[in-house]
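Please read the structure below before turning to the comments.
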Amino acid sequence: MPDPLDPVEPGWLIVVDPEGQGERLDHLVARRVPRLSRARAARLEVVDLDHPARALKKSLRVRAGQRLWVRRPPPDEDAEGLAPPEVLEEGGGLIVLNKPAGWAAHPTASRFEGALTTWLRRRGTPAHPAHRLDVETSGVLLCASDLALDLEAKAAFKAHAVEKAYLAVCEGVPRDAAGAWRAPGDRWESRAPLGFDAKSAVRLKVGRVEVAAGGWEAHTRFELLEVRAAAGAAGRCLVRAEPRTGRQHQIRAHLALEGCPLVGDKLYGPDERYFLDHLNGALAPEALAALGHPRQALHAAELALTLGGRRRAWGAPLPADLAALLVAP
């Protein structure tokens, strides 16, 4: 077993804190290792450094002071099949990428090879993302190697002094206030306040929660760009979305509240249990068929902000896998 001060294999040392006395092992690991889900924690091998002969069961109740070694899984195999990011611009302390779906912005407990910071480092570019996109979301991602520009960009995102536009392929077609189907060219806004959904089994899912009850103000502008050749709820549509606030899952939640969830959205689509199954690596073929696509159909198409005293703007077209969703069957 490796000495935790000089490890010969990747992993995490956990000394059980007083709060962890009697806690289940998988719950403790999920709590102590950053960005690690409980389902993922349950699949990792954990040993007691004082008795390292065999791995511990996930249901074990730990004791305060116990020294545990959590073996990091091998580099994520899925990274081998990922298309490399496209460099949209490079120079002057910036590198702007068109991120394919499947890449994480930063390493997580389950993604190392498939993280853009790893890719950038191995490319010889000491840059870091100034913001983030979900793993399943493709599109424009700004990275900075210059510290001053990095701090300026992050401050702009925090202050919402950034113009962003996304393209979303949705199930169904939205209706207007009178209940009629919207047509291409229609513009509208959603100001539904958002907060964590108390009825959901998924802790990070958000839904409509009034501000008076603890919800957050949220504002998204939409434009209907295209409707697939099918009517109403049976069709699909392409929507341009401009988030004016930066709430968690804002575009996805607002579109779901409109009755038009993203194609492939495991959390806001047909059944949130698909999200839990996906975390556990057990998404059934029939679930994939119901979702309509292996990933959520969301693409960061435009980004603009002022950096270093001048306005910068970048764009990336709708990728082929999402464009194919709009072709009539």
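The values are calculated or read from the model by the stated rules, or taken from the named source; none is laboratory data. Computed from a prediction, not measured in an experiment: that's the story for all the values here. All Cβ positions, glycine included, derive from the backbone under ideal geometry; neighbour counts span all protein chains shown.
Applying the condition of being outside any loop (DSSP other than H, G, I, E, B) and out of contact with any Leu (no Cβ under 7 Å at 6 or more places or on another chain) to the range 41-56 and asking which residue is farthest from ASP134 (Cα to Cα) yields HIS51.
Counting the residues of the range 186-202 that are part of a loop (DSSP other than H, G, I, E, B) and not β-branched (Val, Ile, Thr) gives 9.
Within the option set VAL169, VAL173, being in a loop (DSSP other than H, G, I, E, B) and either in contact with a Lys or Arg (Cβ under 7 Å, 6 or more places away or on another chain) or under 15 Å from GLU258 (Cβ atoms) (or both) holds for one residue only, VAL173. Only a single criterion out of (1) among the acidic types (Asp, Glu); (2) at pLDDT 95 or above; (3) under 21 Å from the mean Cα position of the chain (by Cα) is not satisfied by ASP78, namely (2). Of all the numbered requirements in (1) at positive phi; (2) assigned to a helix (DSSP H, G or I); (3) of a type outside the set (Phe, Trp, Tyr), ARG252 misses one, and that requirement is (1).
Would you confirm, using the coordinates I've provided, whether GLU272 is touching a residue at least 60 places away in the same chain (Cβ under 8 Å) and touching a Ser or Thr at 6+ places or on another chain (Cβ under 8 Å)? For GLU272, the condition - touching a residue at least 60 places away in the same chain (Cβ under 8 Å) and touching a Ser or Thr at 6+ places or on another chain (Cβ under 8 Å) - is met. Just give me the residues in the range 88-122 being touching a residue at least 60 places away in the same chain (Cβ under 8 Å) and among the acidic types (Asp, Glu), in sequence order. Of everything in the range 88-122, just one residue is touching a residue at least 60 places away in the same chain (Cβ under 8 Å) and among the acidic types (Asp, Glu), namely GLU89.
Count of the range 1-40 residues, restricted to those that are of a type in the set (A, V, I, L, M, F, W, C), at pLDDT below 90, closer than 23 Å to THR108 by Cα and part of a loop (DSSP other than H, G, I, E, B), is 4. One residue stands out among those in the range 81-120 that are at pLDDT 90 or above, within 16 Å of the chain's Cα centre (by Cα) and not small (Gly, Ala, Ser): the one that is surrounded by the fewest Cβ atoms within 10 Å (Cβ to Cβ), which is PRO100.
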